[in-house]
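Chemist: Following this message is one structure expressed as structure tokens.
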Amino acid sequence: MTDQRKMRLGLFVMTAGHHVAAWRHPEAYRGDMFAEYVELARIAEDAKFDMLFAADTLSSRIRHRDVAEHSAHNFSTALFEPLTLVSALSAMTSRLGFVATASTTFTEAYNLARLFASADHISGGRVAWNIVTTADDESAANFGMDQVIGHDERYVRAEEYVRLVRDLWDSWADDAIVRDKASGKWLDLDKLRFHGHEGKYLKSAGPLNIPRPPQGHPVLVQAGSSGPGRDLAASQADVVFTAGTVKDQAIAFYDDMKARAKGFGRDPDQLLIMPGISPIVGSTEEEAKRRLTELNEGIEIDVAVESLHNFMPDIDIRQFDLDRPVPEINEMTQAQQSRQKLAWDMARREGMTMRELALWFSGTRGHNTIAGTPEQIADRMEDFFNGGCDGFNVMPMLFPGIFRDFAEQVVPVLQKRGLFREDYEGTMLREHLGLPRPDLD
Ligand SMILES: Cc1cc2nc3c(=O)[nH]c(=O)nc-3n(C[C@H](O)[C@H](O)[C@H](O)COP(=O)(O)O)c2cc1C
């Protein structure tokens, strides 16, 4: 039997669904939030998903009353603090991994190292950290700052931060706690490995007061796509989340990230690229497209424009005429540069007006939408998987129905083609992803 390369699958959860109008759909979840997340985690685990991903924002994003009152996404993406959520979910599952988002700007490094080390112990080694730098001034204002740190510097600081967190996790050798009842010796201080950090941005005396996490380091996820974002991911991350719809660009991104990883002296196979996809299953292609149209009917144009504005709040896109082609914009946002570029490129390629761009973007915020039969969706995934990615971050537009259909109808097709696991091979997230446990030298 050949050892066929397997794709990785993550479930990206978000309130009623990734579509901006999901919450208005008759079949949408009703807001019994924790129970709904438990149901989604169980569907994902039954389908043998690698992990469930909880995103985060650190502000309510109430900029314009008319929009804020009509948009579930502007209020909050996740509704719960992610690590609290995934810690609880991990106790209700046994194999599924969990990715929780936390900010390098607005969380103390020592505290973050403690939180993720704890969650990794509690879950038996099933936790990952989605490293974000936080890109919006509304969040900064909640933490006593007038604005976020400038784009490129955020990443330089984040790299020092991630290195510090790793070192804190490595504070103690795996066998530092001796627990020798006969001699009365609890701890071997010779196994202490952290002796303080003082860098350009951060300072910590250490060591961590929690034993080394079961995975050594919780899995590291990063989603920056600009030059500095890519370098942070390629040097530090295990998994890269990204957005995009064009296969040639996906291949170029994939090749670039693997080359960067190699440039940092890493094995490129240990950097997994997982773009988002938003599948909508139907018994026919027409039925799948009808489901998408049904969701789109709930979109209010101001809410759609705001969903794009959220990615570039420092550029006043609300002033643009909705029914004219999107104007040429040379100004670069300090927020999410790669998503800004993705949106403008799409508009230009397709000759879109601002209204068309906003409506398209609010479906899944620039991620790939595939509406079709289970076989058609599997075909597109297989095509992308051959050269453009190592797996997918699945972003259903509506919970739970659209995700359940994917899990029950598309996953079996992928399994039959040998592209996805039939069962978990291990218990820890690193094992699911085929990533080694970091050694202490
Ligand atoms: C799938 C995906 C999930 C993300 N989740 C979050 C999140 O939860 N919180 C956050 O502040 N940023 C999130 N981001 C934004 C990234 O951290 C980053 O700011 C963005 O991709 C822009 O990167 P760039 O500035 O390098 O272009 C996410 C991005 C992607 C593609």
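Laboratory data are not the source of any read-out in this text; all were calculated from the coordinates shown. Note that the coordinates shown come from a computational prediction; the quantities given were computed from them, not determined experimentally. A quick note on method: Cβ atoms are made from the backbone with ideal geometry, for glycine too, and the neighbour counts reach across all protein chains shown.
Chemist: What's the extension gain from A68 to A252 if we count 0.36 nm per residue and subtract their Cα-Cα distance? Could the numbers behind the result be given before it?
Modeler: Values: separation 184, 0.36 × 184 = 66.24 nm, distance 3.72 nm.
So the extension gain works out to 62.5 nm.
Chemist: So for the chain: antiparallel DSSP bridges make up what percent, rounded to the nearest 5? List each step's numbers first, then the result.
Modeler: Numbers: 6 of 41 bridges.
The antiparallel fraction comes to roughly 15 percent.
Chemist: Also, quick follow-up: N386 to E285: extension gain in nm, 0.36 nm per residue of separation minus the Cα-Cα distance?
Modeler: Result: 34.0 nm gained on full extension.
Chemist: Collect residues whose amide H, placed 1.01 Å from N in the peptide plane, falls under 5 Å from the amide H of F53; neighbours closer than 5 in sequence don't count.
Modeler: Under 5 Å from the amide H of F53 lie the amide H atoms of L11, F12, V13, V99, each far enough along the sequence or on another chain.
Chemist: Sum up the charges of everything whose Cβ sits under 13 Å from the Cβ of G434, counting Lys and Arg as +1 and Asp and Glu as -1, but leave G434 out. Intermediate values should be presented prior to the final figure.
Modeler: Details: positive: R5, K6, R8, R421, R430, R437; negative: D3, D50, D238, D267, D269, D390, E425, E431.
That sum, taken over residues with Cβ under 13 Å, equals -2.
Chemist: OK, next. Just to be sure I understand: with springs between alpha-carbon atoms less than 10 Å apart, which residue in A223, A119, A35 has the highest mean-square fluctuation in the Gaussian network model of the chain?
Modeler: Checking each option, the largest mean-square fluctuation is seen for A35.
Chemist: Size of the dipole of region 295-407 about the Cα centre, Lys and Arg at +1 and Asp and Glu at -1 on the beta carbon, nothing else charged, in debye to 20?
Modeler: Values: 10 positive and 19 negative charges, 27 e Å.
Roughly 120 debye for region 295-407.
Chemist: Find how many whole Å separate the alpha carbon centroid of region 14-47 from the alpha carbon centroid of region 336-361.
Modeler: 27 Å
Chemist: Turning to a different aspect of this structure: Calculated FRET efficiency, D46 and E375, Cβ-Cβ r, R0 22 Å, to nearest 0.05?
Modeler: Working: r = 21 Å, r/R0 = 0.96.
According to the calculation, E is roughly 0.55.
Chemist: Check the chain and count each lysine pair with an alpha-carbon distance under 18 angstrom, considering only pairs eight or more places apart or from different chains. Intermediate values should be presented prior to the final figure.
Modeler: Working: K6/K48; K6/K258; K6/K416; K48/K416; K247/K258; K247/K341.
Lysine pairs meeting both conditions in the chain amount to 6.
Chemist: Continuing with the same structure: Spelling out what I want: for every residue of region 390-398, take phi, set θ = phi - 60°, compute 6.51 cos²θ - 1.76 cosθ + 1.60 (Karplus), and round to whole Hz; glycine and proline get x.
Modeler: Listing the rounded values in order: 10, x, 9, 9, 7, 10, x, 6, 9 Hz.
Chemist: Helix 151-169 against the longest principal axis of the chain: what's the angle in degrees, Cα atoms only, rounded to the nearest 10?
Modeler: 40 degrees
Chemist: For M332 and Y201, what does the FRET efficiency come to when R0 = 35 Å and r is the distance between their Cβ atoms, rounded to the nearest 0.05? It would help to have the intermediate numbers written out before the result.
Modeler: Working: r = 23 Å, r/R0 = 0.66.
Computed FRET efficiency for M332 and Y201: 0.90.
Chemist: Between helix 109-123 and the chain, what is the angle of the helix's C-alpha long axis to the longest principal axis, kept within 0 to 90° and rounded to the nearest 10?
Modeler: Approximately 90 degrees, to the nearest 10.
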